[in-house]
Every structure is written in structure tokens, then in C-alpha cells.
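Working notes, beginning with the structure itself.
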Amino acid sequence: MGIPVRLHWTFLLVVLYIAWAFASFSQQVLGRTYGLGSIEPASLRWTYSLVFAVVLFACVALHELGHSYIARKNGINIHSITLYFFGGVSALEEIPRNPRLELQMAFAGPAVSGVIGSVSLILASLLGEGSAVAIMLWTLGLMNIILMIFNLIPAFPMDGGRLLRAWFATRMPYVKATRNAASIGKMFAILMFVLGLFSFNFILLFVAFFVYVGASE
């Protein structure tokens, strides 16, 4: 679509972290293996884990391109997409002030993640249990479904928060709708921070921090 996709330097760190994290565990989810820790030998496991991490962020880029496609289709220019350690960010030339358009744009990203996740799970099921490719596809599918659900949390400025703002904007002025969505976003950020603190989940702590700062801005 002619949109530059850029990699922030933190992206390299998180790719290595995700590769290590998914190579270090394996468990049964919905009757199939989730996580790449059971793949042997170790050299094959680490190769698949690194490929998995890169493909996962390619899925994040496609998620952002879902937003961008709807924006471009409606005449809004996209300067770039940047992949950070916590996900992707599309740099829009302007924020749509049409609630219906914002609903479409906000939902497009999670919809792409849902489609990728569903296709990956179906392909994994067709391949059968046990092979390294099937395990990777099943794990990738579940991660995309989780990404879809997580992004639909009504925590502005995440996708779910933008959906909430668009819904508010059909009932009140846009500025008030933004303030209400941002306030709810900060509440969710505080909740995520508390959960991250008690579960020692540093990724959740980082996400909570950026959601809070984004909502405040």
C-alpha cells in the first residue's frame, strides 16, 4: 500500500525475548500443544522459536495494516507504521472525526488478527498433532486470538478504547467522548498494572504504563 514499515530498536530485543519465552515452555491448550518447549532437538526448537517471533510481529504489522487499509480507503494518509517492543503504531495524518469511520478503522486491526488466528488454528488441525510446524501454527493461532481479544479491551488509546470513543461520539461532542474514553482507559491501565505487579508480568506492566500515558496525553 506504499506505507513505510519501520522497526524501532526495541523491536530487536522483544523478538529475542519472545523467542526465548516460547522456547522455554510447553503446555496443553484445547487438547493441543501450546508453546515450543517440546520440540526436539534443541537446535530445531530455537530455530522454530526465532521464526515464530518474527512471524508473530509480521502478524502485528498486518494488524496495523488493517487499520491503515480502512484509513487509506477513506482518504486518510498514513505516514508510516512503526513496530515497537509492545506492538505496532500507525502514524495517521489526521484522526477521523466520523464515529462510524473510527469504528471501522478501530475494528479492522482486531479483525485481521482474528482471521490470521483462525486460519492458523485450522491449518494446525489439518496437519495433526506432534509436528513442529503444527505446534508453531497452533501457538501462532492462539496468540493472534489473544491479540484480538486484548486489543478489544476498552482501554483508550487501544483499539477497544477507540471503539468506545466512537460509540460515545454518537451521543456527545467528540472532545467529551475522548475524555470519557481516556478516563476509562486509565482505569484499565491501573487494573493491568496491579495484575502485572502481583503476577510479576513485566510485559503487562509496560503495557499498563503506555496505556496510562497514552490516555493521559
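Structural remarks
- When residues in segment 80-115 are screened for being open to solvent by 30 Å² or more (accessible area, probe 1.4 Å) and touching a residue at least 40 places away in the same chain (Cβ under 8 Å), 9 of them pass.
- When LEU163 is tested against (1) open to solvent by 40 Å² or more (accessible area, probe 1.4 Å); (2) at pLDDT 90 or above, exactly one condition is not met: (1).
- Considering MET148, MET136, MET105, the condition of being of a type in the set (A, V, I, L, M), closer than 21 Å to SER68 by Cα and out of contact with any strand residue (DSSP E or B) (no Cβ under 9 Å at 6 or more places or on another chain) is satisfied by MET148 alone.
- Filter result for ALA155 (within 21 Å of the chain's Cα centre (by Cα), among the small types (Gly, Ala, Ser) and at pLDDT below 90): yes
- The residue pairs whose first member lies in segment 188-217 and is at pLDDT 85 or above, whose second member is polar (S, T, N, Q), and whose beta carbons are closer than 8 Å, counting only pairs six or more residues apart or on different chains, are LEU195/ASN201.
- Unique residue being farther than 30 Å from LEU44 by Cα and buried (at least 22 other Cβ atoms within 10 Å of the Cβ) when the list is ALA181, ALA177: ALA181
- In this structure, SER49 does not qualify as loosely packed, with under 12 Cβ neighbours inside 10 Å and part of a helix (DSSP H, G or I).
- Selection status of ILE153, farther than 18 Å from LEU101 by Cβ, open to solvent by less than 50 Å² (accessible area, probe 1.4 Å) and either among the charged types (D, E, K, R) or not in a helix (DSSP H, G or I) (or both): yes
- Residue within segment 187-208 that is open to solvent by less than 60 Å² (accessible area, probe 1.4 Å), among the small types (Gly, Ala, Ser) and farther than 22 Å from VAL60 by Cβ present: no
- In segment 116-133, residue surrounded by the fewest Cβ atoms within 10 Å (Cβ to Cβ) [restricted to those that are closer than 25 Å to SER68 by Cβ and of a type in the set (Val, Ile, Thr)]: VAL119
- Figure legend. Inter-residue proximity from segment 1-15: first residues over 15 Å from THR82 (Cβ atoms) and part of a loop (DSSP other than H, G, I, E, B), second residues open to solvent by less than 20 Å² (accessible area, probe 1.4 Å) and not β-branched (Val, Ile, Thr), beta-carbon distance below 8 Å, spacing 6+ or different chains. Indicated pairs: MET1/SER68.
- LEU140, sole failed condition from (1) of a type in the set (A, V, I, L, M, F, W, C); (2) touching a residue at least 40 places away in the same chain (Cβ under 8 Å); (3) within 20 Å of PHE22 (Cβ to Cβ); (4) open to solvent by 50 Å² or more (accessible area, probe 1.4 Å): (4)
The values are calculated or read from the model by the stated rules, or taken from the named source; none is laboratory data. All values derive from a computational prediction rather than experimental measurement. Counting neighbours? That spans all protein chains shown, and the Cβs are built from the backbone with ideal geometry, glycine included. Only protein heavy atoms, including side chains, enter the accessible area calculation; ligands, DNA and RNA are left aside. Shrake-Rupley method; radii C 1.70, N 1.55, O 1.52, S 1.80 Å.
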